[in-house]
1. Condition first: buried (at least 20 other Cβ atoms within 10 Å of the Cβ), assigned to a helix (DSSP H, G or I) and not β-branched (Val, Ile, Thr). Now tell me which residues in region 267-290 satisfy that.
2. Do you know which residues across region 363-389 are closer than 24 Å to residue 280 by Cα and either aromatic (Phe, Trp, Tyr) or out of contact with any helix residue (DSSP H, G or I) (no Cβ under 8 Å at 6 or more places or on another chain) (or both)?
3. Answer with yes or no whether residue 156 is touching a Ser or Thr at 6+ places or on another chain (Cβ under 6 Å), in a loop (DSSP other than H, G, I, E, B), of a type outside the set (Asp, Glu) and farther than 21 Å from residue 44 by Cβ.
4. How about region 110-162: which of its residues are more than 22 Å from the chain's Cα centre (by Cα) and closer than 30 Å to residue 209 by Cα?
5. Evaluate region 313-325: report whether one residue or more is under 17 Å from residue 409 (Cβ atoms), in contact (Cβ under 8 Å) with a residue 12 or more places away in the chain, loosely packed, with under 15 Cβ neighbours inside 10 Å and more than 16 Å from the ligand (Cβ to nearest atom).
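Derivation of every value follows stated rules applied to the coordinates shown; laboratory data play no part. What you are looking at is a predicted structure, and each value in this text was computed from that prediction instead of being measured. Counting neighbours? That spans all protein chains shown, and the Cβs are built from the backbone with ideal geometry, glycine included.
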Amino acid sequence: MSEEVEVKERTSFEKYKLRKLIEELENKKGFHTELISLYIPPDRSISDVTNYLKEEYGTAANIKSKATRKNVMEALRSIMAKLKYFSRPPPNGLVIFSGAIPTGSTQGTEKLEFWMVVPPEPIKIYKYHCDSKFYLDPLKEMLEEKDTYGIIVLDKSEAHIATVKGTHLEVYKKLTSGIPGKHTAGGQSQRRFERLIEQAGHEFFKRVGEHANNVFLSIPDLKGIVVGGPGPSKEKFIEGDYLDYRVKQKIIGVVDTSYTGEPGIKDLIGKAETLFANLRYTEEKRLVQKFLEVLAKDDEKVTYGEREVREALVQGRVDVLLLSEGLDIVRVTIQCPNCGYTEEKTTREEELAQIHSEVAQRNCPKCNSSLLAVKEVKGIIEELGELGEQTGAKVEVISTETEEGQQLKQAFKGVAAILRY
Ligand code: ZN
């Protein structure tokens, strides 16, 4: 059995949460070399790791600065305490971050913070790292989309060279031939004109080939190339001697498109969907298109908008939950520590400061205490996504890179759901 089959495919929501966590950890800085990152591969025994940490603990006792010594030893103790709960690492291994994070600008304000991550892919190396920041490269690499596809769309007047990776489409090169589309000259000059056109076409294909070679040969592990265009130019281009043989070998399909240029690229991706295996770009298009199809057929089976979808989630009616990555709203929990009164509201991120000052001036509506405060602020994607997971919905985080993703964000307020009933 190959390793790839064993590894569980992470959902877009899990990836989103991991990406957010990495962003959060990147912003954590210690005063000194006292933040610990620990990567444990699945085949490493926990007792080995614990023995290693005990040695580090002994070494840490010699750190000259009293504050740093205390912080490092405390972080090590927190990790060793946690590892006691494991008899062996989980199937993909384990990543732990622990360290004294400043809560103010002076030393002595640090508070120990601790994170444990079960990685989406198996950890390959054992790594103990102590620094003033956390070591995140292996986790970042796991989030990176690995499959890149090349795209050439051309006819005799223009050519586009692009790649698509994950949800990201990038146009590297736009070339035009300058060849006029139609001509009306007759007789002798007609033939001469045609020869000139043919020559210009050949020169144009040569240029396209050179640029395509440069772009595609510089991408290691390019999964495949799809060539498209509206007319017979693409076949002539492929059959001719314009592409490096290594680039030619990567061609996995030829597609008739209705356009050239960027609309042609998008048309090609849509039509060649089956050629691009596991490409998130086409998956996201499909997910939003599915929602639109159900909407057109039976609008009782879908809902959209934060409030409407939340209601459907609470009722357990959501089958597929679509959340736009472009959402900039948060869920705020306001609570009174005196009597337990709680209220929740949704607001835009930029209005948070205003909410904080409003709450500070208000008294609890139940017991009139002045202690009413903002207890929690959570991104709406995380909040609704977790609600979705708890109620058995498939949660999909959709980027704004595709037209469908833009539509989800703008026309459906970034939150949409296909319902079970
Ligand atoms: Zn109260």
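1. Of the residues in region 267-290, the ones buried (at least 20 other Cβ atoms within 10 Å of the Cβ) are 267-269, 272, 276, 279-282, 284-285, 287-288.
Now restrict to residues that are assigned to a helix (DSSP H, G or I): 267-269, 280-282, 284-285, 287-288.
Passing the criteria: 267, 268, 280, 281, 284, 285, 287.
2. 383, 386
3. Here the answer is yes, as residue 156 does meet what is asked.
4. 152, 153, 154, 155, 156, 157, 158, 159, 160, 161
5. No: zero hits.
Each row is one residue, and each column tells you yes or no for (1) in contact with a Phe, Trp or Tyr (Cβ under 6 Å, 6 or more places away or on another chain); (2) in contact (Cβ under 8 Å) with a residue 40 or more places away in the chain; (3) surrounded by 12 or more Cβ atoms within 10 Å (Cβ to Cβ).
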{"position": "19", "(1), (2), (3)": "no, yes, yes"}
{"position": "50", "(1), (2), (3)": "no, no, yes"}
{"position": "58", "(1), (2), (3)": "no, no, no"}
{"position": "62", "(1), (2), (3)": "no, no, no"}
{"position": "66", "(1), (2), (3)": "no, no, no"}
{"position": "76", "(1), (2), (3)": "yes, yes, yes"}
{"position": "85", "(1), (2), (3)": "no, no, no"}
{"position": "97", "(1), (2), (3)": "yes, yes, yes"}
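Residue by residue, here is whether (1) within 16 Å of the ligand (Cβ to nearest atom); (2) surrounded by fewer than 20 Cβ atoms within 10 Å (Cβ to Cβ) holds:
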residue	(1), (2)
311	no, yes
357	no, yes
369	yes, yes
380	no, no
394	no, yes
